[in-house]
Structure formats: structure tokens, C-alpha cells
Amino acid sequence: MSDVLSTIYAERSFEQSPLDLSSMLEKIQSRLTKWRQSLPHHLDLDPLKPGSTFPPPHVLSLHAMYHVLVILLHRPFVADGHLYSALRAVSVNSFLACAKAASSIVGLLRAYDTAFSVSRAPYLISYATYVAATIHVRIAAKRRHDSTIFSNLETCLAVFNENESTNWAVKRANTVIRSLMKRMDVVVDEGDDGPHIHIGARRATNPSHDRDDDSAALLQSPLGLDENG
């Protein structure tokens with residue numbers, strides 16, 4: 001986290017050459033990948049693998065934090081990110097990294113809820129939910145017939161609903177995400193009983209008009225719960 005904030009989000013990053021920025025991005029991503037691959041077996045986790053057993057909550061939180069860091073690392077290089085103009089060549093790869101990490105966070109949320117319930121989960125889980133939701137909203141605005149994206153977003157909204165009554169920061173995150181959804185004309189059919197963490201046969205709906213699929217404009221703000229998402 002400190003490396004990401006002190007390099008990618010530092011004011012001096014605007015003064016770095018594209019080559020230096022690319023080098024920093026690759027170096028930090030390499031360290032993250034190496035850390036993930038070096039985890040001992042009992043800390044490894046693939047919630048989508050059939051027959052997977054769920055580790056303790058702190059292990060799920062650890063993996064969630066890994067994916068949060070991937071998003072925080074890459075999203076400044078995606079469209080509308082504060083380093084996008086300097087490194088347009090890497091924007092597609094960074095977008096894909098953000099999208100993959102956001103989907104992985106949703107998988108962890110569903111696993112966490114299955115094993116322990118996300119109600120009153122540690123704040124890190126809610127923060128990971130917020131970071132993932134910012135990505136899913138941006139993608140949903142471009143891929144309006146992708147039911148998986150809308151299902152992922154519905155899961156994020158459900159996690160917020162489970163925790164906002166006992167945590168002001170979660171309530172604030174929910175407000176910011178819903179404001180972003182409204183601004184980007186993204187609508188999720190939450191049903192009469194609200195959004196669901198585990199999406200069944202009911203499919204999320206969205207406005208009928210389409211937009212071209214491209215590198216969705218992801219967040220610029222790294223940590224704050226600002227109105228722009």
C-alpha cells in the first residue's frame with residue numbers, strides 16, 4: 001500500500017517520464033504477483049474452485065486487500081485516471097487488471113458470506129466492496145447487456161445494505177456508489193426485498209440503450225469517498 005501511494009499517487013508522479021511510470025507500474029505489479037504466488041498452501045484461496053474450503057475471515061480479508069491494491073495500482077493508468085495521458089499504451093492492460101480484480105473481490109464477498117455472513121464484517125471487507133463497485137459501475141455503463149457485471153454490482157450493493165446501519169463509512173460508500181450509478185445511468189433491478197449477495201436466477205436489468213464497449217473510465221481518487229466515485 002505504501003509503495004502504491006508514495007509512487008503512483010504522489011504529486012511528483014505527474015513529473016515522471018512515461019518510461020519511469022511504466023517501470024514503476026511493472027515493478028510494483030511484479031512484487032504483488034510474487035507475493036501472491038509465494039503464499040503458503042494454507043493461505044492460498046480460490047473461492048470459485050469446486051469443493052474449495054473456506055479459510056478464516058482474516059485470510060479472506062488478506063486476499064481482498066491484494067485485489068484492492070491491484071486496482072489502486074492500475075486505475076490511474078486507465079481512461080480518466082490521472083496518469084492516463086502519460087501512458088495510454090498500457091491503459092488496456094490496466095483496465096483488464098482492474099476488471100479482473102473487481103470480479104475476484106466479488107467472488108471473495110460471496111465466499112465470505114457463505115462461510116461467515118458479511119453482516120458486521122471487518123471494515124476492510126466493506127472497503128474492498130467499495131473499490132470493486134466503482135469498477136463494476138463503470139463497466140456496467142458500457143456493457144449494458146452483460147448480466148455478470150450487473151450481478152457483481154448487485155452483490156456489492158447487498159454487502160453495503162448488510163453493514164451500513166452499523167457503520168457510517170459503509171453508509172457513505174453506498175451513497176457514493178449509488179450517486180455514481182445515477183450519474184452514469186446504471187440501474188440494477190434489486191427486487192422487492194433489495195439486492196442479493198448470492199445471485200440466483202433473477203437477472204439484473206438495465207436501460208435499453210447501448211453504448212460502445214471500451215476502456216471504461218475508472219476512478220481517479222484512490223482512497224476517498226468522493227462524490228465522483
remark   = Those residues of the range 162-195 which are within 17 Å of the chain's Cα centre (by Cα) and closer than 17 Å to residue 105 by Cα amount to 170, 173, 174, 177
message = Condition first: among the charged types (D, E, K, R) and at pLDDT 70 or above. Now tell me which residues in the range 4-39 satisfy that.
response = 20, 26, 27, 31, 34, 36
note = residue 62 meets each of (1) among the hydrophobic types (A, V, I, L, M, F, W, C); (2) surrounded by fewer than 24 Cβ atoms within 10 Å (Cβ to Cβ); (3) under 22 Å from residue 181 (Cβ atoms) with one exception, condition (3)
task = Scan the range 176-189 and report the pairs whose first residue is modelled with pLDDT under 95 and whose second residue is of a type in the set (Asp, Glu), with Cβ atoms within less than 8 Å and a gap of 6+ or a chain change.
result = 188/154
request  = Please work out which one of (1) within 29 Å of residue 97 (Cβ to Cβ); (2) surrounded by fewer than 17 Cβ atoms within 10 Å (Cβ to Cβ); (3) at pLDDT below 90; (4) among the polar types (S, T, N, Q) is the condition residue 165 fails and give its number.
outcome  = (1)
message = Restricting to the range 130-151, and then to whatever is of a type in the set (A, V, I, L, M, F, W, C) and touching a His at 6+ places or on another chain (Cβ under 9 Å), can you tell me which residue is surrounded by the fewest Cβ atoms within 10 Å (Cβ to Cβ)?
response = 150
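The values are calculated or read from the model by the stated rules, or taken from the named source; none is laboratory data. Just so we're clear, the structure is a prediction, and the values are computed from it rather than from any experiment. Cβ sites come from the backbone with ideal geometry, for glycine too, and all protein chains shown count toward neighbours.
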